[in-house]
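Rule-based calculations on the coordinates, nothing more; no lab input. This one's a predicted model, so the numbers in the text were calculated from it and none came from an experiment.
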Amino acid sequence: MKILMSLLALAATAQFALAEEPAASPKPTPDPEKAFKAKDKNSDGKITKEEWAAKAKDPAKAEKGFTKKDKNSDGSITMEEYTAGKK
């Protein structure tokens, strides 16, 4: 009887040890429109270089990112430029 109980306990312990942990849920994709509006501090429908770099840790990297997004090189990023390629 002791052997049977020991085997059952061992089997239960092994089952918990081998159970897979649930997969981590993927990061939710941020809503591009919300992100755009958060950067567009004066709500004029475009993001200026100053608005883009406002909280940047690396100003040079922020400027490079701004230049890449500003497709028509007019000094601001529109919603269309901001969301280009994100679909």
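Normalising the Debye intensity of segment 38-87 to I(0), with uniform scatterers on Cα atoms only, and taking log10 at q = 0.15, 0.17, 0.26 Å⁻¹ returns -0.35, -0.46, -1.03.
Taking a straight Cα-Cα cut-off under 26 Å and skipping sequence neighbours fewer than 8 places away in the same chain, the lysines within cross-link reach of LYS27 are LYS37, LYS39, LYS41, LYS55, LYS57, LYS61, LYS64, LYS68, LYS69, LYS86, LYS87.
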